[in-house]
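The structure appears right after this line, and notes come after that.
The values are calculated or read from the model by the stated rules, or taken from the named source; none is laboratory data. Note that the structure is predicted; figures quoted are calculated from it, not measured. As a convention, Cβ positions derive from the backbone with ideal geometry for all residues, glycine included, and neighbour counts pool all protein chains shown. Areas reflect the complete protein model, heavy atoms only, side chains present, ligands, DNA and RNA absent. Shrake-Rupley method; radii C 1.70, N 1.55, O 1.52, S 1.80 Å.
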Amino acid sequence: MEKTFVMLKPDAVQRGLVGEITSRFERKGLRLAGAKMIWLKDSQLDEHYSQYLGKEFFPRLKEFMGACPVLAMVWEGKDAVKVVRTLCGLTNGREALPGTIRGDYGMSLQCNLVHASDSLQTAEREISRFFAKEELFAYGDALSEYRYAKDER
Ligand code: CDP
Ligand code: MG
């Protein structure tokens with residue numbers, strides 16, 4: 001099954017929304033393959049946001065993301081990358097639709113609670129950046145036949 005990388009950002013941790021946000025992924029039927037709290041180092045932030053190096057928001061984004069620990073997770077499921085992006089909603093919390101995480105909990109472009117990989121390729125790169133192989137778990141899904149049709153599993 002497809003895996004995607006998710007990070008609950010400092011605003012989610014500080015505002016006590018870790019449980020609420022995580023429960024949305026669980027309720028959807030995604031499966032948790034790994035999770036850990038990390039305090040992102042300067043070099044990790046540079047790497048994670050390298051595509052935005054030189055943008056005017058880069059320094060403040062780094063300061064925000066490094067201000068307190070984040071919860072890094074790997075979620076698994078059919079089309080997990082796309083499904084998780086849909087659950088998160090548009091980048092700007094003021095534009096994200098109600099029913100999405102960013103739409104329901106935030107008012108900010110920067111402080112938008114959650115990071116989620118934007119493609120399969122990005123997901124693979126981000127998962128291997130933040131998780132060692134032994135930190136990811138494969139375990140049986142007792143409810144698989146109720147989550148997916150035979151040809152979807
Ligand atoms: O997170 P997402 O993939 O939806 O958005 P992005 O365009 O890849 O930007 C990464 C993150 O940078 C966003 O989630 C925001 O937290 C932040 N950002 C910002 O603070 N100011 C901007 N003008 C654009 C993005
Ligand atoms: Mg992005």
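Here are some notes:
- Here Ser43 fulfils each of the conditions (1) surrounded by 15 or more Cβ atoms within 10 Å (Cβ to Cβ); (2) away from ligand 1 (no atom under 13 Å from the Cβ) apart from (1).
To keep it simple, each residue is scored yes or no on (1) within 16 Å of ligand 2 (Cβ to nearest atom); (2) touching a Pro at 6+ places or on another chain (Cβ under 6 Å); (3) without any contact (Cβ under 8 Å) to a residue 24 or more places away in the chain.
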position: Glu76; (1), (2), (3): no, no, no
position: Cys88; (1), (2), (3): yes, no, no
position: Arg102; (1), (2), (3): yes, no, yes
position: Ser119; (1), (2), (3): yes, no, no
position: Ala132; (1), (2), (3): no, no, yes
position: Tyr139; (1), (2), (3): no, no, yes
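- Hits in the range 87-120 (condition: more than 9 Å from ligand 1 (Cβ to nearest atom), of a type outside the set (Lys, Arg) and open to solvent by 30 Å² or more (accessible area, probe 1.4 Å)): Leu87, Glu95, Leu97, Pro98, Gly99, Asp104, Tyr105, Met107, Ser119, Leu120
- Given (1) more than 16 Å from ligand 2 (Cβ to nearest atom); (2) over 14 Å from Val6 (Cβ atoms); (3) modelled with pLDDT of 95 or more; (4) among the charged types (D, E, K, R), number of the condition Lys62 does not satisfy: (1)
- Residue within the range 90-100 that is more than 14 Å from ligand 2 (Cβ to nearest atom), in a helix (DSSP H, G or I) and within 21 Å of Thr4 (Cα to Cα) present: no
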